[in-house]
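Report on the following structure.
The values are calculated or read from the model by the stated rules, or taken from the named source; none is laboratory data. Since the model is a prediction, treat every value here as computed from it, not as a measurement. No Cβ is skipped: glycine too gets one built from the backbone with ideal geometry, and neighbour counts run over all protein chains shown. SASA here: full protein model, heavy atoms, side chains in, ligands and nucleic acids out. Shrake-Rupley method; radii C 1.70, N 1.55, O 1.52, S 1.80 Å.
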Amino acid sequence: MSFLQIQNLEKSFGATRILKGVTLEIEEGGFLVLVGPSGCGKSTLLNTIAGLEPITSGEIRIGGRRVNDLHPSKRDIAMVFQSYALYPNMTVAQNIAFGMEIRGVPKPERDKAIADVASLLQIGHLLDRKPSQLSGGQRQRVAMGRALVRDPQVFLFDEPLSNLDAKLRIDMRTEIKRLHQRMGTTIVYVTHDQIEAMTLATKIAVLKDGILQQFGTPAEIYNNPVNMFVADFMGSPAMNLVPATIGGNGSGLTVNFEREGRPPVSLAVTDPPSGLAGFKGKKVVFGVRPEALTDPDGADRNASSTATADLHIEVVEPAGSDTFAVTNLGGKGVVARLRADANVQPGTVTPLTFNLTKTVFFDPATENRIH
Amino acid sequence: MSAAPSQDNAARTGIIARAVIYSLLILFAVYYLLPLYVMVVNSLKPLDEIRQGQMLDLPSTWTIEPWLSAWSTAQIGVSPTGLKPYFLNSILMVVPAVAVSTLLGALNGYVLTKWRFRGDNMVFGLMLLACFIPFQIVLIPSARILGELGLAGTVTGLVLIHVVYGLGFTTLFFRNYYEAFPTELVRAAQIDGASFFQIFRRILLPSSGPIIVVTVIWQFTNIWNDFLFGASFADFDSIPITVALNNLVNSSTGVKEYNVHFAGAVLAALPTLVVYIVSGRYFVRGLMAGAVKG
Ligand SMILES: Nc1ncnc2c1ncn2[C@@H]1O[C@H](COP(=O)(O)OP(=O)(O)OP(=O)(O)O)[C@@H](O)[C@H]1O
Ligand SMILES: [Mg+2]
């Protein structure tokens, strides 16, 4: 049975519906990441789990217990806020111990808990400082410390890394992952950084406008996006979404791309999704991630189905470990990811290989995946 | 090469600007301090020295007789008590009135910003309206209510009136201050299990120094200086010092003892001065601390 369950959760502020029937669940010890663009309702969802916002309808269960009407302090959760929310008038030690103090934990016990958490997070030397005397990374640690000291059933993180600079962010990301592996506590984590989502999550929930778009493992979300929004949102550089037309060549199907001032390109689709036949002669959106469009030598040798086409390279962007080449299909720039030493020149025509096992089709009318 | 002269110039214009600014500041300081000087100097002179008309001169014979008289023996209305009992009345009125109105204002601000409810802005709007109601309009209803409560003519009655009248202002001050106070801190404290009052006392109040000082200065000055409520609602034994001062100046039979009047006026103004001088410093310190914290 799932540890944290959210069923048909609805949340409105006045007449505005913010969360529209969200259903999610995560097993004990899981790491659930909520992603989505700004304003989609991630923080609101997290706040409803915490009990900081009352819900309009639906149900939230933690460890099998219905918590809808429980006060935040009774839900056995701990939260790390985006702004860290450290009490400015208290020292680091007092910040960490405040919850225990309120709950009447005796002083020796509190001191021991503070010491344990401080050594875990390496903030022992900061305990007597005020939050205003800490750097951003240190504040972040203290905020984590305040949550960790409670040993709750669920941790809630609201964009805990978004105020840090890029380098520190990557370090802290690794640290959070390590902490999670060590403690095995269930975590719900909000971010709008899809790399954070991919690296940390055991399950990802993609939200848009308060509607759950897709819920699955990082690999499912990445490889099998259910619609164009998810496909576009997850992955960097983003998936190429190319307008195309489905054609037929006898028994099989082809996907055809218009090109400006050049003859169209046609690829044979072996093993198409069954729904694709119905789109014969119609427009679709063809989705291919940059790493599934490579130079023929760099193509995945295990791919059961590939197709190679001669494409005109417009721009070449070396990025150290890879080289990105941009070509034009269906009126859109399409990014291919080549080996770092691939020999491509802008303005030339080069053969590129599509890994067709990794490509997906969408219905341009509904933006949903064609299965 | 070219940098040196221009730097020179910059330094010189800097000095000139400074000189102008300081002269203006000194001029205004003198302008504002002159009345105080006149009052203090003349309160330390014997009466006949004042009669000679040299208001700006220092006393040739120094005396604290006028102060003693103003404090304990001068004729106030019909009895020769000096200002002392009325000074005490004012203290008994102003201290609880300031404390209660500040505390209630802080609570109101806390609720209006951190425990929002349906129609909270409306409530706040109505409270704001209280800031614009002229004293005169509420005189008769207030007298009526004080009568009904059995508080007419008592210091407690005055405290009540000042608390109610001041609540609009104190709420306004605290609401605006707490509006900028991060709500996430309140939420964090809720998760930590702190109650409504614990959050107020442990999280908000410790960060409210500057606004408490502003409110206290504002309320203290207004309540201490109030004349109309004191004149309208107080009995003879509960009148505040402002009314007593008026009685002192008006009730002297025969000779007008100007030196005693001056001493009485300075006495009446002293507490507000002290509040400014003492808490003004904390006020600036509070602002500075906020600025450094960022
Ligand atoms: N108290 C509130 N009253 C009314 N509307 C609100 C309130 N809080 C949030 N909203 C609205 O709810 C929507 C979702 O807000 P939320 O803070 O959950 O977004 P988010 O996904 O966390 O965005 P971000 O990534 O920017 O933090 C927004 O459109 C916001 O304007
Ligand atoms: Mg948010």
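Can you bin every Cα-Cα distance in segment B:84-147 into 5 Å intervals starting at zero and give me the percent of pairs per bin, rounded to whole numbers?
Answer for segment B:84-147: a P(r) of 4, 13, 13, 18, 22, 15, 9, 4, 2, 0 percent.
Considering only A:Pro160, A:Pro54, A:Pro351, give the residue with the highest GNM mean-square fluctuation for chain A, with springs between Cα atoms whenever their separation is below 10 Å.
Comparing A:Pro160, A:Pro54, A:Pro351 in the GNM, the peak value goes to A:Pro351.
Taking +1 at the Cβ of each Lys and Arg and -1 at the Cβ of each Asp and Glu, which of B:Ile223, B:Val275, B:Leu151 sits farthest along the dipole of segment B:84-293 towards its positive end, judged by Cα position relative to the Cα centre?
B:Val275
Semi-axes, largest first, in whole Å: what does sqrt of 5 times each Cα gyration tensor eigenvalue give for segment A:76-136?
Ellipsoid semi-axes (Å, largest first): 18, 14, 12.
Rounded to the nearest 10 degrees, what's the angle between the helix A:107-121 long axis and the longest principal axis of chain A, both from Cα atoms, 0 to 90?
Helix A:107-121 sits at roughly 30 degrees to that axis.
Pick from A:Asp300, A:Asp158, A:Asp128 the residue whose mean-square fluctuation is largest in a GNM of chain A, springs joining Cα atoms under 10 Å.
Among A:Asp300, A:Asp158, A:Asp128, the largest mean-square fluctuation in the Gaussian network model of chain A belongs to A:Asp128.
Can you figure out the FRET efficiency of B:Asp57 with B:Ile277, using R₀ = 30 Å and their beta-carbon distance, to the nearest 0.05?
0.65
Pop the C-beta distance of B:Ser23 and B:Met122 into the FRET formula with R0 = 60 Å and round what comes out to the nearest 0.05.
0.75
Can you check what the Kirkwood hydrodynamic radius comes to for segment A:161-291, Cα pairs only, in Å to one decimal?
Result for segment A:161-291 stands at 17.5 Å.
Can you tell me how much longer the chain between A:Asp232 and A:Leu168 gets when fully stretched, taken as 0.36 nm per residue apart minus their C-alpha distance, in nm with one decimal?
Extra length from A:Asp232 to A:Leu168 when fully extended: 20.4 nm.
Taking only the C-alpha atoms, wrap a convex hull around segment A:82-218 and report its volume per residue in Å³ as a whole number.
Dividing the Cα hull volume of segment A:82-218 by its residue count gives 125 Å³.
Relative to the first principal axis of the alpha-carbon coordinates of chain A, what is the inclination of helix A:166-183, with its axis defined by its Cα atoms, in degrees from 0 to 90 and to the nearest 10?
Taking Cα atoms only, the helix is inclined about 70 degrees.
In whole Hz, with x marking every Gly and Pro, tabulate ³J(HN,Hα) for segment B:43-57 from phi via Karplus 6.51 cos²θ - 1.76 cosθ + 1.60, θ = phi - 60°.
Taking θ as phi minus 60°, the curve returns 6, 9, 9, x, 4, 5, 5, 5, 4, 5, x, 8, 4, 8, 6 Hz for segment B:43-57.
Give me the mean projected area, in nm² to one decimal, of the convex hull enclosing the Cα positions of chain A.
The directionally averaged projection comes out at 22.5 nm².
Just to confirm the number: angle between the C-alpha axis of helix A:136-148 and the first principal axis of chain A, 0 to 90 degrees, nearest 10?
The angle comes out at about 70 degrees.
Over the Cα atoms of segment A:40-161, what radius of gyration and what Dmax do you get, in Å?
Every Cα atom of segment A:40-161 included, Rg and Dmax give 15.1, 46 Å.
Which of B:Ala234, B:Ile191, B:Phe124 sits closest to the plus end of the dipole of segment B:84-293, meaning its Cα is farthest towards the positive end, when Lys and Arg get +1 and Asp and Glu get -1 on the C-beta?
Farthest towards the positive end: B:Ile191.
Over 33 Å, how big is the tail of the calculated P(r) for segment B:84-293, in percent of all Cα pairs?
Value for segment B:84-293 (Cα pairs over 33 Å): 26 percent.
Give me the log10 of I(q) over I(0) for segment B:51-189 at q = 0.12 Å⁻¹, as the Debye formula computes it from C-alpha points; what are the numbers?
-0.72
Over the alpha-carbon set of the protein assembly as shown, work out the extent along each principal axis and list the three values in angstrom, largest first.
So the three principal-axis extents are 127, 78, 52 Å.
Are any of the pairs A:Lys42/A:Lys358; A:Lys130/A:Lys177; A:Lys203/A:Lys358; A:Lys20/A:Lys42; A:Lys282/A:Lys332; A:Lys107/A:Lys177 more than 24 Å apart by Cα-Cα distance, and if so, which?
Among A:Lys42/A:Lys358; A:Lys130/A:Lys177; A:Lys203/A:Lys358; A:Lys20/A:Lys42; A:Lys282/A:Lys332; A:Lys107/A:Lys177, the Cα-Cα distance tops 24 Å for A:Lys42/A:Lys358; A:Lys130/A:Lys177; A:Lys107/A:Lys177.
Kirkwood Rh, segment A:125-181, all Cα pairs: how many Å?
For segment A:125-181, the Kirkwood estimate is 12.3 Å.
So what is Rg over Rh here for segment A:240-362, counting just Cα atoms and using Kirkwood for Rh?
With Rg and the Kirkwood Rh in hand, the quotient comes to 0.96.
Rounded to the nearest percent, how much of the accessible area of the protein assembly as shown (1.4 Å probe, protein heavy atoms only) is carbon and sulfur?
So the carbon and sulfur contribution to the accessible surface is 59 percent.
Gaussian network model of chain A, Cα springs within a sub-10 Å range: biggest mean-square fluctuation belongs to which of A:Asp171, A:Asp151, A:Asp193?
Of A:Asp171, A:Asp151, A:Asp193, the most mobile in the Gaussian network model is A:Asp171.
Charges only on Cβ, +1 for Lys and Arg, -1 for Asp and Glu: so what's the dipole of chain B about the Cα centre, in debye to the nearest 20?
In debye, rounded to 20, chain B gives about 880.
With a 1.4 Å probe and all protein chains left in place, how much accessible area per residue does chain B have, in Å²?
On a per-residue basis, 55 Å².
Can you give the accessible area per residue of chain A, in Å², using a 1.4 Å probe?
Roughly 43 Å² per residue, with all protein chains present.
From the mean inverse distance of alpha carbon pairs (Kirkwood) and the Cα radius of gyration, derive Rg over Rh for segment B:3-68.
Radius of gyration over Kirkwood radius for segment B:3-68 works out to 1.40.
In the neighborhood of A:Val288, defined by Cβ-to-Cβ distances under 11 Å, what is the net charge if each Lys or Arg adds +1 and each Asp or Glu adds -1?
Spelling it out: positives minus negatives among the neighbours equals +2.
Could you go through segment A:259-270 in sequence order and give the Karplus-derived ³J(HN,Hα) for each residue, using 6.51 cos²θ - 1.76 cosθ + 1.60 with θ = phi - 60°, rounded to whole Hz, and x for Gly and Pro?
Once rounded to whole Hz, the list reads 9, 6, x, 9, x, x, 9, 10, 10, 7, 9, 8.
In Å, the Kirkwood hydrodynamic radius of segment A:229-272 over pairs of distinct alpha carbons?
Roughly 12.3 Å, rounded to one decimal.
Find which of A:Gln5, A:Gly104, A:Gly41 sits farthest along the positive direction of the dipole of segment A:1-117, computed with +1 on the beta-carbon of Lys and Arg, -1 on that of Asp and Glu, about the Cα centre.
Value: A:Gly41.
What nm distance separates the two modelled labels at A:Ser83 and A:Asp341, each placed 7 Å from Cα along Cα→Cβ?
5.3
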